[in-house]
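The next block holds one structure in the form of structure tokens; read it before the comments.
Just so it is clear, none of the values below were taken in a lab; they were calculated from the coordinates. Only a predicted model underlies this, so the values are computations on that prediction, with no experimental measurement involved. Positions of Cβ are backbone-derived with ideal geometry, glycine not excepted, and every protein chain shown enters the neighbour counts.
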Ligand code: TRP
């Protein structure tokens, strides 16, 4: 069986040498493996969270698509598409949103960092934070779950997003009682090099220390390399390869023999200017043919458009039936299908195996009831009522709630709310209990 490996590329900015070595090149190499069914997509919906500049969004999508194709991504072999061409992704995003705990999203690193920054600046905690940023992890979960990806190669900063995708998938699977979604595994490439940038720190757009991959042609590449910071050793003085960015970058392109020769030259005292020229020539040997393809591609955006549309058709062949099954599972069915669905619901009540209510008198406090699971576990304890009839009427209403039940976290318990008032509480909090409670409420509603 092939492993489905899926990854998204946020379409902001212009690819640099660090992106090529750290992400593009290894991903394309992996996509050629026979046991891999690779999905690559342009995460342009995610890009909208980071930028509202339409021209930049447009430009970046084109540049990034052309870069991946020029670097050797074979659209006949992999599924290469744009997120915004797959309507099933936002559709699934909503379905997942409805089972995602708000508290889970409160804990997302990117959101929390933005809140902390506001707090430091004495601002309102949510100042300048869009709901898009807040919902980012759910959209990402939909990207992955719509295609049942097994593995998702990402950078370390994305590990939490993958954990959330698994969490959300599990929650959905639990609620609907079936393994709808494959639980995706995160893959962190430990082997790939992170390139130092011009100033020796990790090459990154946020440090403004990047070396462009294609932008500006060979001239811009050479100019950037000439600006890499070195120490002040003069020509003839031995250089330490292991503390030199030049050597680190050189090795990311060269084989062992070439690297050893470059290393020796540094030890022998080659001047920094000459060393940079050699580094430029080595990189240019790899980049020049790709740049040529890149220029050809970017001159014909219509062809890239066509390629991406074909990719979207391939991707939707999977996502469309998947979403149809999900719509059906959650109750968005053709009207006539309802009766049939009811008939197939487990008739736990009849067998006496369903959840049930147990009423009792709680001393002077009044009349209460508990909701017990099929195995007798206490799921809810009601507030006390002076009148046993009121307690009975409430049971009747709880019985009908099903998915509409409003449950709110309150310290170490969950509250069941009706008309904005807490009417019952759970003995403890936690996702597991929440799952069982939801399940019990749905079973009760189905018994009616
Ligand atoms: N958030 C990812 C990043 O910034 C990009 C991304 C969006 C992604 N959707 C995805 C990656 C789905 C993997 C799978 O790198």
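Antiparallel as a % of all DSSP beta bridges within the chain, to the nearest 5? Rounded to the nearest five, the antiparallel share is 60 percent.
Return one number: the angle in degrees, 0 to 90 and rounded to the nearest 10, between the long axis of the Cα atoms of helix 301-330 and the longest principal axis of the Cα atoms of the chain. Computed tilt is about 20 degrees.
Rounded to 0.05, the FRET efficiency of the residue 268 and residue 219 pair, given R0 = 45 Å and the Cβ-Cβ distance, is 0.95. Between helix 217-226 and the chain there is an angle of about 80 degrees, using the helix long axis and the longest principal axis of the Cα atoms.
Among 14-23, 398-407, 119-128, sorting by the average number of other beta carbon atoms lying within 10 angstrom of each residue, highest first, gives 14-23, 398-407, 119-128. Applying Stokes-Einstein at 10 °C and 1.306 mPa s to the Kirkwood radius of the chain, computed over alpha-carbon pairs, gives a translational diffusion coefficient of 61 µm² s⁻¹.
With an a/c value of 1.5 or above and a/b not larger than b/c for the gyration tensor axes a ≥ b ≥ c computed over the alpha-carbon atoms, region 125-194 is described as oblate.
Taking a spot 7 Å from the Cα of residue 32 along the direction of its beta carbon, which residues of region 273-292 have an amide N less than 17 Å from it? Once the point is set 7 Å along Cα→Cβ of residue 32, 286-291 turn out to lie under 17 Å by backbone N, inside region 273-292. What translational D, rounded to a whole number of µm²/s, comes out for region 205-297 from Stokes-Einstein when the hydrodynamic radius is the Kirkwood one over Cα pairs, at 10 °C and 1.306 mPa s? It comes out at roughly 114 µm²/s.
Remark: spin-label model distance residue 390-residue 358 equals 2.4 nm, labels positioned 7 Å along the Cα→Cβ axis. Fully extending the segment from residue 332 to residue 410 would add 24.9 nm, taking 0.36 nm per residue of separation and subtracting the current Cα-Cα distance. Counting every pair of alpha carbons in region 335-447, the share spaced more than 17 Å apart comes to 55 percent. Take the Cβ-Cβ distance between residue 129 and residue 163 as r, set R0 to 30 Å, and report the resulting FRET efficiency rounded to the nearest 0.05. Step by step, r from the Cβ atoms, then E = 0.90. How far, in degrees from 0 to 90, does helix 109-120 lean away from the longest principal axis of the Cα atoms of the chain, to the nearest 10? Roughly 90 degrees between the two axes.
Using the Cβ-Cβ distance between residue 194 and residue 243 with R0 set to 22 Å, the FRET efficiency from 1/(1 + (r/R0)^6) comes to roughly 0.85. Counted residue by residue at 0.36 nm each, then reduced by the alpha carbon distance between them, the extension gain from residue 156 to residue 377 reaches 75.5 nm.
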